[in-house]
Each structure stands twice: as structure tokens, then as C-alpha cells.
Amino acid sequence: MSSKKEFVNIGGMKTLLEIISENVRFYRKKTGLSQLKMAYQIEIAPSYLAEIERGKQYPSLKILEKISNYFGIEPYKLLYPMENSKKDNSAETIQTLRLLKQDINEIIDNKIFNSLQLNSEKTS
């Protein structure tokens, strides 16, 4: 008999362990860090972080707090399904797209202006 507890996924709902692991992995990848660098930054063993992300180990409350502080989020955000975590980025994504649109419009306007300027120089 194994001493490791196994949690059964009932009715298609994700277990808390699955939710935490997906969210930790999501936020880590969002920052572009490797597991090794993140583990070093929050002062935990890389193997412990890997087990958390694989859904093999629950983080302690202290580690959950370290992780959330590192990402600058409230700890409860690591406890909700990923769909909620992704929605948190919607305002940021919209703002990024708006800035990108402004940059593209500015580039287009500059190209049109430069083109008109070249054409007027050629006709003079």
C-alpha cells in the first residue's frame, strides 16, 4: 500500500492540486523563467517546484505565499482554475493591442508622409 495520497478527479472537475500546478506553471512561463531560475529566486529546491508544477506535490502555505509574492498576485489567484487566471490578463492584453495599433498607425502615417514628400520633391 502506497503512502502517497492519490486524489480522484470526480465529474470532470479539476482537483486543487491540478489547479495550483497549472497556475504556477502559467505564471512562471508568462515571466519567461525556467524552473531552475524561479526556484532560485524564491529560495526553494528546483525539484520541489517541478513536483508542484507536475501536480505531484502541494506547496505549503509559506511557499504558496512566496510564489504569489514573486508574481505580484494575491495568493488566492493560484487556487482558481486557469480560465480565471487567463481572464486577469485581458485588460493587459487589450492595452498592449491598443499600443501596438498606435505604433502600426504611426509607422503607416510616417511611410505615407515620406512617400508624399518624395513625390513632391520629384515633381519640383
> So for the pair Leu33, Ile112, with labels modelled 7 Å out along Cα→Cβ, what separation do we get in nm?
Replying inline: 4.5 nm
>> I need the P(r) histogram for region 31-78: all alpha carbon pairs, bin width 5 Å from 0 out to the longest distance, whole percents.
In response: 5, 22, 32, 31, 9
>> List the pairs from Lys29/Lys66; Lys30/Lys66; Lys30/Lys77; Lys29/Lys101; Lys37/Lys66 whose alpha-carbon separation is above 20 Å, in the order I gave them.
In response: Lys29/Lys101
>> Ranking request for peptides 103-111, 21-29, 47-55, 72-80: highest mean number of other beta-carbon atoms within 10 Å first, then the rest in descending order.
In response: 21-29, 47-55, 72-80, 103-111
> For the pair Phe26 and Asn105, what calculated FRET efficiency results from E = 1/(1 + (r/R0)^6), where r is the Cβ-Cβ distance and R0 = 30 Å, to the nearest 0.05?
Replying inline: 0.40
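Read the figures in this text as sums done on the coordinates, not as results from a lab. These numbers come from a predicted model, not from an experiment. All Cβ positions, glycine included, derive from the backbone under ideal geometry; neighbour counts span all protein chains shown.
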